[in-house]
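Each value in this text was obtained by applying a stated rule to the coordinates, not by laboratory testing. On a predicted model such as this, the values are computed, not experimentally measured, just so you know. Note that we place each Cβ from the backbone using ideal geometry, even for glycine, and neighbour counts take in every protein chain shown.
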Amino acid sequence: MAEQEILKMGNPILREIAEPIKEFNTPELSQLIEDMKDTMIANDGVGLAAIQIGILKRVIIFGFEESPRYPQSPAIPMTVLINPSFKSLETESETGWEGCLSIPGMRGLVPRFKKIQYSGYDFLGKKITREVSDFHARVFQHELDHLDGLLYIDKIENYANFGFTQELESANAY
């Protein structure tokens, strides 16, 4: 159990596609999940994908009670999802501000589906399915994108809505 280095934008690993997990309930998977939790918590994150610590496996974690990075956002239960997927439950999307531990100090306005159903597996291989909306849905979609080599900046529609967090706060942009 240890905090790992988070890869930053520009590292080519972040643009790779992660491989599915084939074996559940292994010591290696347990260690990966613990390292991801330690890393996410140490960096005040609300989510983390295995690829962000250089592991090309389809594992994401997300959840928090309170977030200094997103103080207005409601709590999300701590979740580990292995081999995750989702479907949109409605065509409506909404834009919202996102940041990323792999792109520190910056934020961008990104469209995401508002209401989704996601699924995946827990550490033991038990299926998890949830219907979620708003920030919870946004966090899931953001983390899933990482597993496909995408960063939130790839989804920004207007780069006038992208910048350093400190500058955006000073300008009351968000």
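Enumerate the lysines that Lys155 could reach by cross-link, defined here as Cα to Cα under 16 Å, with residues fewer than 8 away along the same chain left out. Within the straight-line limit of under 16 Å, Lys155 reaches these lysines: Lys114. Residue separation of Asn172 and Lys126 scaled by 0.36 nm, minus their Cα-Cα distance, works out to 12.2 nm of gained length. Across every direction, the projection of the convex hull enclosing the Cα atoms of the chain has a mean area of 9.5 nm². Spread over its residues, the convex hull of the C-alpha atoms of region 66-120 is 113 Å³ per residue. Using the Cβ-Cβ distance between Gln31 and Asn11 with R0 set to 22 Å, the FRET efficiency works out to roughly 0.55. Shown in residue order for region 10-23 are the 3J(HN,Hα) couplings computed by the Karplus curve 6.51 cos²θ - 1.76 cosθ + 1.60 at θ = phi - 60°: x, 6, x, 4, 5, 9, 7, 9, 6, 8, x, 7, 10, 10 Hz (x for Gly and Pro).
Bridgeable aspartates and glutamates around Lys87 (alpha carbons under 15 Å apart, same-chain partners fewer than 8 residues away excluded): Glu131, Asp134, Glu143, Asp145. Counting only alpha carbon atoms, the long axis of helix 27-42 and the longest principal axis of the chain meet at about 20°. The H on the amide N of Ile21, modeled in the peptide plane, is under 5 Å from the matching H of Arg58, Asn83, each at least 5 residues off or on a different chain.
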